[in-house]
Amino acid sequence: MPRAVRFDKYGGIEVLQVVEVDRPIPGAGKVLVRVKAAGINPGEAAIRQGVFADRWPSTFPSGQGSDLAGVAEEVGPEVVTVGVGDEVIGFTNDRSSQAELVLVESGNLVPRPANVPWEQAGALFVAGTTAYAAVRSVALHAGDTVIVSGAAGGVGSIAVQLARNAGAKVIGLAGDANHKWLSDHGVLPITYGAGVEDRIRAASAGKVDAFIDTFGGGYVELALKLGVAPDRIDTIIDFAAAAKYGVKTEGNHEAATAEVLAQLAGLLAAGRLEIPIAKVYPLADVRDAYRELEQRHTHGKIVLEP
């Protein structure tokens, strides 16, 4: 029997289990994918903790995860775009990707380019589409200066690359250990913490056009202090500040399509985008994977391998 991540109640990592489940059977329009890699995301931890129970309640026992890459093992009726044996990148909206076998809508799958590693492919959807929407929302033009907080994290590390691809000057806020990676990707790194406003003003020569906040904790207020217009500030996490100041909150929901996923996969294949992988855990070690994720200091993505 295939194994899958499950939890029976809201709580910390201790509620996560890897259990045997019935083999899924693909119905019309569905593809059964044998997962090679599945990314994990902070939003999944928040859902499991019950943070969004009012907005997105869980039905127990609940699975977990959206991101996946793998091989099509079986296709249901009416599937014409995917065949058995195809290598695919995709997503599910059923909280079920952290498993050995996953049912996926055929329209949520795109081909995996042969030169894209499984780990990067499996971690692409949530962080990639979130970064894509955030960069698009602040309307970057060549020569603009944009600040990205959490610039070495799962979303931030992609956002800085997409912003560079748009021709912007990118200043990335990150810990010292991640400065070399940022510099190597054409980003000007600045250490967060006390004095960060002054450091940004000096590095930007007083000209900041846009701000992408992937971390929270006061960065919306900082962006406003730096003179950034509210319609060019996007936060994917500080919804209270967004409501207070009228800044944007565009993220995964605004770009969660197979078309955007295919674009991102194309950038990976062309060498114009990299998904840094912080660590790969076996599926059985899902608790350890989320323990590391929830410390919020990883460089890039954490991935599960069934």
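The values are calculated or read from the model by the stated rules, or taken from the named source; none is laboratory data. Not measured: the values here are computed from a predicted model. Backbone-built Cβ (ideal geometry, glycine too); neighbour counts: all protein chains shown. Each accessible area value is taken on the protein alone, full model and side chains, heavy atoms only, with ligands, DNA and RNA left out. Shrake-Rupley method; radii C 1.70, N 1.55, O 1.52, S 1.80 Å.
Suppose we take every Cα in region 10-71 and form the convex hull; what volume per residue is that in Å³?
Taking the convex hull of the Cα positions in region 10-71, it is 121 Å³ per residue.
Compute the accessible area per residue over the chain, keeping the other protein chains in place, probe 1.4 Å, unit Å².
Per residue, the chain has an accessible area of 42 Å².
What size of dipole, in debye to the nearest 20, comes out for the chain about its Cα centre when the only charges are +1 on Lys and Arg C-beta atoms and -1 on Asp and Glu C-beta atoms?
Working: 28 positive and 36 negative charges, 122 e Å.
Using only the charged Cβ atoms, the result is roughly 580 debye.
If R0 is 41 Å, what FRET efficiency do you get for Ile25 and Glu274 from their C-beta distance, rounded to 0.05?
Computed FRET efficiency for Ile25 and Glu274: 0.65.
Which one, His299, Phe211, Val19, projects farthest toward the positive side of the charge dipole computed for the chain from Cβ point charges (K/R +1, D/E -1)?
Phe211
Using all Cα-Cα distances in region 176-260, what percent lands in each 10 angstrom bin from 0 up to the longest?
The percentages, shortest bin first, are 16, 42, 34, 8, 0.
Going out from 0 in 10 Å bins, what whole percent of all Cα-Cα distances in region 122-217 drops into each bin?
In order of increasing distance, the bins hold 18, 54, 26, 2 percent.
How much of Tyr245 can a 1.4 Å solvent probe reach, expressed as accessible area in Å² and rounded to 10?
Its accessible surface works out to 80 Å², give or take rounding.
Spelling out what I want: for every residue of region 249-265, take phi, set θ = phi - 60°, compute 6.51 cos²θ - 1.76 cosθ + 1.60 (Karplus), and round to whole Hz; glycine and proline get x.
9, 6, x, 3, 4, 7, 9, 7, 10, 5, 5, 5, 4, 5, 4, 5, 4
Which of the aspartates and glutamates could a cross-linker bridge to Lys169, judged by Cα under 20 Å and excluding same-chain residues fewer than eight apart?
In chain and number order, the partners are Asp144, Asp184, Glu197, Asp198, Asp209, Asp213, Asp231, Asp234, Glu274.
Looking at Val286, Gln263, Val80, which one has the Cα that reaches farthest to the positive end of the dipole of the chain (charges on Cβ: Lys, Arg +1; Asp, Glu -1)?
Value: Gln263.
Tell me, which longest segment in the chain has none of the trypsin sites (Lys or Arg not before Pro) that fall in DSSP loops with at most 15 further Cβ atoms within 10 Å?
56-206
Report ³J(HN,Hα) in whole Hz for each residue of region 170-179, in order, from the Karplus equation J = 6.51 cos²θ - 1.76 cosθ + 1.60 where θ = phi - 60°; Gly and Pro get x.
3J(HN,Hα) across region 170-179, in whole Hz: 10, 10, x, 8, 6, x, 4, 4, 9, 5.
By how many degrees, 0 to 90 and rounded to 10, does the Cα axis of helix 125-137 deviate from the longest principal axis of the chain?
So the helix axis and the longest Cα principal axis differ by about 30 degrees.
Can you work out D for region 1-123 in µm² s⁻¹ from Stokes-Einstein, where Rh is the Kirkwood radius over C-alpha pairs, the temperature is 4 °C and the viscosity is 1.567 mPa s?
D, rounded to a whole number, is 88 µm²/s.
With a 1.4 Å probe and all protein chains kept in place, how do His253, His297, His141, His179 rank by accessible area, largest first?
On the way: His253 155, His297 135, His141 115, His179 35 Å².
From most exposed to least exposed: His253, His297, His141, His179.
On alpha-carbon atoms, Rg over Rh for region 219-306 using Kirkwood Rh?
Using Cα coordinates only, the ratio equals 1.06.
Take every Cα-Cα pair in the chain and report what % of them are more than 31 Å apart.
Of all Cα-Cα distances in the chain, 29 percent exceed 31 Å.
With only alpha-carbon pairs counted, each pair once and no self-pairs, how large is the Kirkwood hydrodynamic radius of region 64-204 in angstroms?
So the Kirkwood estimate lands at 16.9 Å.
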